[in-house]
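A short write-up of the structure that comes next.
The values are calculated or read from the model by the stated rules, or taken from the named source; none is laboratory data. Bear in mind that the values here come from a model prediction, so they are computed numbers and not experimental data. Because the Cβ atoms are built from the backbone with ideal geometry, glycine has one as well, and the counts that use them run over all protein chains shown.
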Amino acid sequence: MKFNEAQLEKYRARTVRSKELWQRTKAYIPTGHAGGMGAFGEHPIVVDHAKGCWLWDVDGNRYLDLRLGDWVLIHGHSDDDIRGAVYEQMGKAVQVGAPEWDMGYRMAQLLIERMPSLEKVRFFVSGTDANLCAIRLARGFTGRSKIARSVGGYHGTSDTLLVGRSVLRAPDDEVPLGVQSQAADDVVQIPYNDADGAEAIIRSNAAELAAVIIEPVMTAAGMVEGQAGYLQRLRDVTTELGIVLIFDEVVTFSVAYGGGQAHFGITPDLTTMGKVIGGGLPVSAVGGRTDIMDLLEPDAHGGVAPISVMATFGGNSASLAAGIACLEKLTPEAHERMNRLADRIRATIDGFGQKYGVPLHATGLGNLIGVHWAEQRVVDDPTLRNDDREKIQNINLVLDNEGYYQTFTGLFLLSTVIGEQEVDAFLGAFERALHTLGYV
Ligand SMILES: Cc1ncc(COP(=O)(O)O)c(C=O)c1O
């Protein structure tokens, strides 16, 4: 992987203070990144402050934010309504060791109203927590132990969730260091967007499979949108074989009002959510069919719930207040507007590929955009591996130098506060980057 020297020099010159402060932090925190998805590129910028769709680094550079705090801030930074709701709740109660009759109730209602597959929900803190609970529920419900997941997908950081091929690691690193080797016994990998291939593997493991967990768009793995026929086949075969179908909508919640399941018209048994739903504070959730969710309900089982889950901060009142304020303004119209802009970006980038006769193309759905440089259109993990990462990262570097903040991995997300003008400017910068780098 080699960065364009002139662009790298430019980046270094304009991010001197970022580098200093990042290195100072690295003395205390491995990677220099307190949390989040990680630092990419040569060195990260570090942020001084942010508002709406803009953020400013400590060197005084301004960026259009297309990373959204690691895919969280759907209404941009420091949204006035969300801030007001959190301040108000902070004055009432932040964390109560009692059933959440107000915030929890309203948040549950907001989710259930937009996702008809949810009959009941339970709150946690991270997407990983929610996926762990969903898997435990599926195991308890079916009495089976294995889960099937897509090759290349990402669902969080527990042992079971980390087993498998991931675009975030080397292809042969299927059980990362520190993960229990036995965890691999419980994980079956199915190909993404290959309905016949996935069905055959599910059928041959059916007696032991508790769940199939799948993202409607493989997000970290390149914003690869699922094909409707593929997702429907997973629904059909899991229904037939009594396997719990879990939609991981931790990221895809934002692709439509009602998430990926609303877009594709498919009803999973359980859904996990996170990121966007907390409005910038940590909230995640698992929800779904009453008969499965009621494994958590003592009253449905003679006074003792078969599965008990605890999460000290799951249902934190200030976080739920932020989530409620966020969801109340994440209307169908807000989704439509974002999606129209993202469709325009995808179509224009595809158009650049055609205009210049290069294998540049865009994937994704809703506000999630992936950019690829590969002869064959990216539809799964093997086609993603053909991506020319060097070209993608260099385009990202030029865009960063032009004031567009993102993960350096070719993934861009729109928020509701990005408008036509910002999109036009971004597309102009994107086309210029192709010339600057001599790629067209
Ligand atoms: C699809 C998906 N599921 C689950 C997770 C895990 O969420 P968290 O980092 O909040 O544990 C992520 C995180 O990026 C994700 O992308």
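Key figures
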quantity: Subset of the stretch 288-307 that is small (G, A, S) and on the phi < 0 side of the Ramachandran plot - its residue that is farthest from the ligand (Cβ to nearest atom); calculated: A300
quantity: Residue pairs meeting the criteria (Cβ under 6 Å; at least 6 apart or on separate chains; first surrounded by fewer than 24 Cβ atoms within 10 Å (Cβ to Cβ), in the stretch 266-283; second assigned to a loop (DSSP other than H, G, I, E, B)); calculated: T267/S117; P282/V125
quantity: Counted residues, the stretch 105-125 - those being surrounded by 20 or more Cβ atoms within 10 Å (Cβ to Cβ) and either at pLDDT below 95 or of a type in the set (F, W, Y) (or both); calculated: 2
quantity: Residue in the stretch 333-346 that is under 20 Å from the mean Cα position of the chain (by Cα), in a strand (DSSP E or B) and surrounded by 19 or more Cβ atoms within 10 Å (Cβ to Cβ) present; calculated: no
quantity: Selection from the stretch 273-303 of residues that are under 23 Å from G242 (Cα atoms) and assigned to a loop (DSSP other than H, G, I, E, B); calculated: R289, E297
quantity: Test: A285 is away from the ligand (no atom under 16 Å from the Cβ), in contact with a helix residue (DSSP H, G or I) (Cβ under 8 Å, 6 or more places away or on another chain) and modelled with pLDDT of 95 or more; calculated: no
quantity: From the options L73, L55, residue that is of a type in the set (A, V, I, L, M) and either surrounded by fewer than 14 Cβ atoms within 10 Å (Cβ to Cβ) or not in a strand (DSSP E or B) (or both); calculated: L73
quantity: Qualifying positions in the stretch 92-125 - in contact with a Leu (Cβ under 7 Å, 6 or more places away or on another chain), under 12 Å from V286 (Cα atoms) and away from the ligand (no atom under 16 Å from the Cβ); calculated: L111, I112, L118, V121
quantity: Single residue of the stretch 239-260 satisfying the filter (hydroxyl-bearing (S, T, Y) and surrounded by fewer than 23 Cβ atoms within 10 Å (Cβ to Cβ)) that is nearest to the ligand (Cβ to nearest atom); calculated: Y257
quantity: Residues that are in a helix (DSSP H, G or I) and more than 19 Å from the chain's Cα centre (by Cα), drawn from the stretch 229-256; calculated: G229, Y230, Q232, R233, L234, R235, D236, V237, T238, T239, E240, L241
quantity: G226 vs. criteria within 25 Å of A195 (Cβ to Cβ) and within 15 Å of the ligand (Cβ to nearest atom); calculated: yes
quantity: Search result, residues across the stretch 257-272 that are in a loop (DSSP other than H, G, I, E, B) and closer than 26 Å to G370 by Cα; calculated: Y257, G258, G265, I266, T267, P268
quantity: Residues within the stretch 149-187 that are assigned to a helix (DSSP H, G or I), away from the ligand (no atom under 15 Å from the Cβ) and of a type outside the set (A, V, I, L, M), tallied; calculated: 4
quantity: Residues of the stretch 126-148 that turn out to be crowded, with 23+ Cβ neighbours inside 10 Å and within 11 Å of the ligand (Cβ to nearest atom), as a count; calculated: 5
quantity: Filter result (surrounded by fewer than 16 Cβ atoms within 10 Å (Cβ to Cβ) and not in a loop (DSSP other than H, G, I, E, B)) within the stretch 354-388; calculated: Q354, K355, Y356
quantity: Total residues in the stretch 410-421, condition more than 19 Å from K275 (Cα to Cα) and either modelled with pLDDT under 95 or surrounded by 18 or more Cβ atoms within 10 Å (Cβ to Cβ) (or both); calculated: 1
quantity: Scope the stretch 292-328; condition under 20 Å from the mean Cα position of the chain (by Cα) and either modelled with pLDDT under 95 or charged (D, E, K, R) (or both); matching residues; calculated: G314
quantity: Single match in D48, D57, D81 (criterion: without any contact (Cβ under 8 Å) to a residue 60 or more places away in the chain and in contact with a helix residue (DSSP H, G or I) (Cβ under 6 Å, 6 or more places away or on another chain)); calculated: D57
